[in-house]
């Protein structure tokens with residue numbers, strides 16, 4: 001069973017926005033055993049959209065379309081669907097009432113405009129999918145054995161419709177093969193090195209299982225996918241393959257939950273043990289804190305951060321001695337350790353992360369080369385800092401350092417509180 | 001002149017990674033007047049790649065392909081190009097030497113593996129594009145009037161090749177129409193309301209100019225695009241259209257530089273005036289600081305942030321009085337103002353931003369509803385806080401609040417230091 005995803009919008013083709021919708025939709029479809037054959041981004045142009053719909057119909061059972069449903073002139077998806085299905089727009093009373101209610105609620109006093117009223121006009125053959133979060137309705141068409149779903153391009157509105165309406169309806173409507181993914185998250189080893197280490201294992205994988213390598217900034221995710229008719233056979237096969245794999249690369253696995261980022265693994269560890277964390281960030285500028293607080297429930301273990309971007313703040317707020325800065329420079333092992341100890345004491349926590357380094361492009365308050373960073377971890381009984389060379393690009397230096405900091409912290413927590421990752 | 005972009009990789013079609021490469025490539029091509037006709041993401045599968053190459057050839061002069069060049073089994077792009085061009089792989093001595101050098105430099109002692117050696121095998125018809133940043137080379141083919149470029153999927157490697165090699169070569173090789181974009185960045189008004197306000201103006205735009213609305217979380221970018229043969233005519237047309245537009249929506253424009261985010265506009269203001277900034281963040285968890293420090297040169301005006309996630313840190317580090325917290329609750333106008341004043345004093349700056357609120361999903365240290373936030377701005381002479389209701393989704397609550405904080409700060413700086421945005 002295949003689906004095609006079509007995203008409509010000139011803004012995608014001139015690169016002003018990144019298409020994040022397709023990945024979200026693809027992931028949700030995959031979970032229910034529907035494979036995405038192709039993702040196609042096309043212009044806000046009648047002929048181009050028509051051609052994409054034709055092609056979608058040719059190679060998929062389900063075609064999900066996002067974008068081009070706004071009320072402005074450049075949005076022509078609805079008109080094009082009418083042409084495709086030889087249909088016409090009719091005013092939908094329910095949608096009109098919904099649009100009126102939204103305006104009354106959020107912009108009371110403002111009368112509803114003709115542009116907004118247009119949102120209530122939909123092709124007569126469409127079944128309207130109620131959009132709780134916006135004015136543009138979703139639409140569902142079924143013709144000649146193919147399902148077409150048209151959704152607004154605003155991610156927030158699209159996501160809600162996919163999760164609450166589209167996926168449940170597809171589950172009811174189609175019989176699908178089973179599909180099981182298992183993701184193994186690793187750090188500290190490159191793609192080729194891992195491939196070499198597990199070559200024999202990979203060559204002996206059963207036919208129903210595919211392996212993919214997903215590398216990103218110092219981390220590689222391995223994804224096993226089993227697909228077939230019998231759930232039990234697939235489940236056994238993927239379990240057996242995983243159990244054979246773990247001993248081969250046990251030292252570099254940081255988690256095995258699908259989509260789990262290391263911050264989440266750390267969150268569970270700290271929450272379960274009742275431990276607390278603080279950070280003192282220089283060149284990472286709050287990125288560690290913001291990744292930690294992106295996870296709901298962070299207040300259970302995260303007390304806060306001192307982003308000491310200026311050197312004087314390291315001294316004044318974190319209590320790093322000026323002498324230390326003068327002697328070793330602000331980008332040094334000694335200052336990193338003093339920052340970690342300082343913030344741990346100031347915010348009264350069990351663990352602390354500190355970073356100091358030069359993310360470029362120019363040299364800062366020290367002579368350290370661009371890319372030179374120190375990451376320190378303070379634990380209840382110890383503090384240490386390590387030096388890294390993170391390349392030459394600002395964004396990458398920061399993100400690689402954030403990843404490395406989490407890696408070091410997780411290892412330190414596990415070292416002190418014992419237990420393998422598998423036992424969590 | 002059209003280009004097609006093809007991204008190869010199962011990881012895109014199952015939604016495990018978001019395709020950010022296409023937007024980058026599209027943007028770079030647009031700058032040199034090459035329009036992207038279509039972006040297509042296909043599986044790591046021989047037939048599917050072949051079909052995409054055929055289609056790309058049918059509707060574009062240039063086909064840019066990324067992905068599938070790794071050394072592991074699931075990467076089959078090179079073999080498929082051989083099939084497409086009726087070609088075969090040959091070992092390229094230069095690439096081999098480059099791979100050997102990279103390994104000698106980064107992992108000295110580790111012998112180069114057979115897998116890595118495979119990177120040096122390329123189709124004989126390909127011109128090799130040297131990849132400074134990785135082991136997989138780029139490849140350039142020209143056949144029957146169509147240019148095919150194959151690049152590694154790792155964004156860092158792809159970007160370097162596009163900027164340093166592919167774009168300059170395309171500029172040399174093809175005659176192209178002129179294309180001029182002008183982006184007008186606005187805040188505080190919705191897409192429909194803007195559309196209504198500028199309806200007459202939009203209807204009277206000359207034929208060579210297209211207008212697009214690009215909405216995102218409380219901000220709408222308007223993009224004017226002029227395309228044609230005579231640069232001067234286009235330039236005059238877009239200038240005239242812009243000058244007529246500005247008075248219609250002057251109060252909501254925060255900048256007119258292409259791609260400029262508001263943080264950059266603020267960075268320029270503060271740097272030019274020699275002013276400094278600090279932030280005290282609760283539920284935004286360091287996101288304001290990390291967006292500020294993402295801009296090179298932030299150390300000229302940004303001293304740091306206290307991410308006071310736990311209430312006790314607001315009291316202990318920022319000096320918010322416990323009485324204020326008890327009387328008004330931690331999510332209140334009074335506490336937001338005290339945080340802003342506190343961090344401004346602690347870090348000794350001219351301006352400060354503070355945030356306190358509830359980003360959910362559960363209620364925190366106060367009874368405030370999820371989505372209720374206070375944003376405070378402290379200036380050299382004043383401090384104030386405003387209350388907002390930012391919806392119900394954690395990520396959106398945070399990002400909308402960050403955007404709003406920058407908007408309030410920019411207005412406050414402009415109010416005190418005078419001048420319209422245009423005068424900067």
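Any read-out appearing in this document is the output of simple, stated calculations on the displayed coordinates, not a laboratory observation. Only a predicted model underlies this, so the values are computations on that prediction, with no experimental measurement involved. Every residue, glycine among them, receives a Cβ derived from its backbone with ideal geometry; neighbour counts consider all protein chains shown.
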Segment residue A:386-residue A:164, extension gain: residue separation times 0.36 nm, minus the distance between their alpha carbons: 75.2 nm
Residue exposure sequence - B:27, B:314, B:273 - by fewest surrounding Cβ within 10 Å: B:273, B:27, B:314
Largest to smallest principal axis extent of the C-alpha atoms in the range A:102-203, angstrom: 67, 38, 18
DSSP bridge orientation in chain A - percent antiparallel, rounded to nearest 5: 60
DSSP-defined beta bridges in the protein assembly as shown - what % are antiparallel, rounded to 5: 65
Cα-based radius of gyration of the range A:35-81 once divided by 2.2 N^0.38 Å, which approximates compact folds: 1.15
Ranked packing of A:274-281, A:1-8, most packed first, by mean Cβ within 10 Å: A:274-281, A:1-8
Averaged over B:309-315, number of beta-carbon atoms from partner chains that fall within 10 Å: 5
Cα centroid separation - the range A:148-176 against the range A:203-261, whole Å: 28
Cβ-derived FRET efficiency at R0 35 Å, residue B:79 paired with residue A:251, nearest 0.05: 0.55
Projected-area mean, the range A:195-234, by convex hull of Cα positions, square nanometres: 3.4
Alpha carbon centroid spacing (whole Å) that separates the range A:339-370 from the range A:390-406: 13
Nearest-0.05 FRET efficiency for residue B:235 and residue B:175, computed from C-beta distance (R0 30 Å): 0.95
Over the range A:79-144: Kirkwood hydrodynamic radius from C-alpha pairwise inverse distances, Å: 12.5
Förster radius 22 Å - calculated FRET efficiency between residue A:189 and residue B:101, Cβ distance, rounded to 0.05: 0.60
Ellipsoid equivalent to the protein assembly as shown - semi-axes via the Cα gyration tensor, in Å: 40, 37, 28
Computed label-point distance, nm, for sites residue A:312 and residue A:363 using a 7 Å Cα→Cβ extension: 2.3
From the C-alpha gyration tensor of the range A:178-255, square roots of 5λ in Å: 22, 12, 11
Other protein chain Cβ atoms within 10 Å, averaged over every residue that makes up B:21-34: 3
Cα→Cβ-extended label distance, 7 Å offset, between residue A:243 and residue B:132, nm: 5.1
Fraction in percent of alpha-carbon pairs per bin - 5 Å, the range A:2-173: 1, 9, 18, 22, 22, 15, 8, 3, 1, 0
Calculated [θ] (222 nm, deg cm²/dmol) that DSSP helices of n ≥ 4 give over the protein assembly as shown, each run adding -39,500 (n - 2.57): -12000 deg cm²/dmol
Whole-number D in µm² s⁻¹ for chain B, Kirkwood Cα-pair radius fed into Stokes-Einstein, 25 °C, 0.890 mPa s: 98
Between helix A:333-347 and chain A: long-axis angle, C-alpha atoms, 0 to 90°, nearest 10: 70
Span per principal axis, largest first, for the Cα atoms of the range A:155-223 (Å): 44, 30, 11
Cα pair distances exceeding 17 angstrom across the range A:1-64, given as percent: 40
Cα-based helix-to-principal-axis angle, A:93-106 vs chain A, degrees rounded to 10: 40
Hydrodynamic radius by Kirkwood, which averages 1/r over all alpha carbon pairs of the range A:295-424, in angstrom: 15.3
Angle between chain A longest axis and helix A:394-417 axis [Cα atoms, degrees, rounded to 10]: 70
Gap separating the Cα centres of the range B:1-59 and the range A:283-320, nearest whole Å: 39
Inter-chain Cβ neighbour average for residues B:190-196, partner chain, 10 Å: 6
Gaussian network model of chain A, Cα within-10 Å springs - most flexible of A:202, A:239, A:143: A:143
Alpha-carbon gyration tensor eigenvalues x 5, square-rooted, for the range A:202-351, Å: 43, 17, 12
